[in-house]
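J.: After the C-alpha cells below, expect a handful of questions from me.
The values are calculated or read from the model by the stated rules, or taken from the named source; none is laboratory data. These figures come from a predicted structure and were not determined experimentally. Here the Cβ positions follow ideal geometry from the backbone for every residue, glycine too, while neighbour counts run over all protein chains shown.
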C-alpha cells in the first residue's frame, strides 16, 4: 500500500531541537516546528546550497490506522526505500527503530496498528556528515524514495531473488533454462512452522512457463532460514537484451506446509547470460561492445526525489543518445531500473563504496561496508538490465599492500557470488600508469577502468596529463589482467565556456577529448566498451572546480562533465558520443572478435609481456614528463608575455560565465540549434 501521496507532513529543524520535544507525552511529533504537507519522495532542499552541504535535520509525520479488512494473523510494517542519511522512527512518541545506511531500504514492523486506533508515526531524518565517507555527489537529505505499508504474516519472506541460469551440454548444444529462487524466510508467529515456497513463471506472452516448490526446515518462533531451489523454464526461451527486452513474470508464494499462503511476491525478470570469456564480456553468448553514459539520480528542482516523470525523462535521455548501458555509483531507484529493464538498457550496478580505504581498516568497518554491498546486490539482482555487481569504486591502486582493502575486496567478492552466482563480479579502479598487477583486483571477472588521461594530471611518477598515454595504459592493463573483462567505466572533461579546443573547460575541448578517448577505445580491441561520465550534469560538493586548474576558476556546486547541462541542454560533445554509439554495433562482428583474440596475451607470457609493457610505459612517461616540462615553461612564458588586453578579455569571459549559469549564451552559440531532450 503506497504512502507516497496524501497524509505526509514535513518540518525543517535547523537548530536540531526536535529531539528535546518528542516523547510519549508528545506523540504528534516535536513541538515548535512548522509542518507542511508533502508527497514522497521528498528532499530537504532540492537546490544545492553550499550553506547546508554538511547536513541538516528534518522531520516527517503521518497518521496510520490498520487498513480495513486485514486478515487474522497479519500485522503491518512500513517499508522505506531510502532515507538519507540517518533515520530515527517513532510511533506515538516512542523510538521504535534506527537505520544508519542511506542507500539500503528497510522495514519497520508496526504491530501496534492491530488495535484499530490511529497512531502517529514520526521519522527524524538527519543528513549531517563529515569528510568521510567520501561521496562523489551532493549530500542530499530526506525521505528520498517511496514508502509503503506492507503486510506481515506469520511467515515473511525477505528479498526474494529470481536468477536465470542457462544449462548446456559440453558441446554447447541442447541448452535449457532455469530460474534460481533465493530467499530468506522468517517465522513471526508463536508456533513452529515448516515453510513451503511455490514459484511460478509466465513467458512474455503471459503463458505458463514453469513452476516448482521447496520445503524449508521447521522454524521455531523468531527463526529464519535461507531457501534456494530451481524452477525449470518450459517452452522456447525468449531472451532479454538490447533491442529485444523480453520480460518474464515470476511469482513466489510463501505458505506453511499444509497451511495458508502468508505472502505473495512478484517480479519481472529476463532470461539472459552475462559472462566473461577470453577476456571479453559476453551477453547471451555473444561478445558485446558497451556504449553509453552514467547517470546520477539528480534532477534540477527535485534533487534525488524523483517523480515518475523524472524517471521517464532519464530513460528517454539515455534512449535519445542511443545508450545500450548506463552506470551509477549506487543501486538505482526500483522504478527507474524497472524502466531500464523494459527499455533494454544494461546497467553496470555498483555499491556506494567510494574512496573508502580509510574506513576499511577494522573488521567492524568492513562489516559495515559489506552490509552496504549486500543491500546493493539484493536491490538489483532481480533486474535483467543488471549485468554486473561492482563492489566498490576507486579504492587504493595497490590493495595488495593495504590489508583492510584487500580483505574487503576478498569478502565483498565472495558475498556477491553467494547472493548472485549468475553474474560476473566487478570492481572499478583508478587509472594511474606504472603500477603492477594486483592480485586483489585480478580475482574479479570484470575490471572497470576509470580514466581521466588528458584531464587530471595524475600523481608524481604516475602522470595522466597526456591523453596519448591512454592507449599504452589500456594495453598494459590487458597484459597484467589477461583473463578479466575490461571496460572503460569513466571518462569525461568539464565544459562551461566557449573557446579553442586547446583550452580546458571549453566545449570544444570536451568535444575533442571525447572524440580522442573513443578513438583510443576503438584501437583497444580487447576492451569491452566505454561509459561516459556523466550523461547530465549533477550537484557535487561546494567549490568544485572540475580539475581544469584554471586561474580564477569558477568554483560551483555543479559537476560540469555532463554532456547535457543541469537544466537539460545538450553540449557539442553529446553528438560525438551519439554518433559513436550509432556506429558501434552492440554485438561485435566476428572479425572484431578474431582481432581481439589475436591480440590477447597468452597466460604463460603475462609476466614477460607485462614487464615489456611496463618498460615501454616508463619510457613513455619519461618522454611525456619532458614534454610536460617544455609545455609548462612555454605556458609560463606565454603568461608573462600576455598584454593587459588579453588578460582582461579572459577575465570578461569568466565573469560572463558566472552570471549566465553554466554559460547559457556561449552554449547556445556553440550548440545551436538547442535541442530539448525529453
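J.: Output yes when any residue across the range 521-534 is out of contact with any helix residue (DSSP H, G or I) (no Cβ under 7 Å at 6 or more places or on another chain) and assigned to a helix (DSSP H, G or I), and no when none is.
T.: For the range 521-534, residues out of contact with any helix residue (DSSP H, G or I) (no Cβ under 7 Å at 6 or more places or on another chain) and assigned to a helix (DSSP H, G or I): present.
J.: Ok, one more. Please go through the range 354-393 and give me each residue that is within 22 Å of residue 459 (Cβ to Cβ) and crowded, with 21+ Cβ neighbours inside 10 Å, ordered by number.
T.: 356, 360, 392, 393 - these are the residues of the range 354-393 that are within 22 Å of residue 459 (Cβ to Cβ) and crowded, with 21+ Cβ neighbours inside 10 Å.
J.: Quick test for you: out of 419, 446, 415, 423, pick the one residue that is over 15 Å from the mean Cα position of the chain (by Cα), crowded, with 18+ Cβ neighbours inside 10 Å, under 17 Å from residue 294 (Cβ atoms) and in contact (Cβ under 8 Å) with a residue 12 or more places away in the chain.
T.: Matching residue, one of 419, 446, 415, 423: 446.
J.: Now, a different point. Those residues that are without any contact (Cβ under 8 Å) to a residue 40 or more places away in the chain and touching a helix residue (DSSP H, G or I) at 6+ places or on another chain (Cβ under 7 Å), I need them from the range 362-390; list them, please.
T.: 365, the sole residue that qualifies.
J.: Output the number of the condition that residue 355 fails; it satisfies all remaining conditions of (1) in contact with a strand residue (DSSP E or B) (Cβ under 8 Å, 6 or more places away or on another chain); (2) under 30 Å from residue 182 (Cα atoms); (3) touching a residue at least 40 places away in the same chain (Cβ under 8 Å).
T.: (2)
J.: Yes or no: residue 77 surrounded by 17 or more Cβ atoms within 10 Å (Cβ to Cβ), closer than 16 Å to residue 58 by Cα and in the same structural domain as residue 15 (by TED's automatic domain parsing)?
T.: No.
J.: Right, here's the next one. Select from the range 27-51 the residues that are surrounded by 17 or more Cβ atoms within 10 Å (Cβ to Cβ) and out of contact with any helix residue (DSSP H, G or I) (no Cβ under 9 Å at 6 or more places or on another chain) and write down the one among them that is farthest from residue 544 (Cα to Cα).
T.: 27
J.: Applying the selection to the range 222-252, what residues are in contact with a strand residue (DSSP E or B) (Cβ under 9 Å, 6 or more places away or on another chain) and in a loop (DSSP other than H, G, I, E, B)?
T.: 222, 223, 233, 234, 235, 237, 238, 240, 241, 242, 246, 247
J.: Have a look at 150, 156 and point out the one that is part of a strand (DSSP E or B), closer than 27 Å to residue 210 by Cα and either in contact with a helix residue (DSSP H, G or I) (Cβ under 6 Å, 6 or more places away or on another chain) or in contact (Cβ under 8 Å) with a residue 12 or more places away in the chain (or both).
T.: 156
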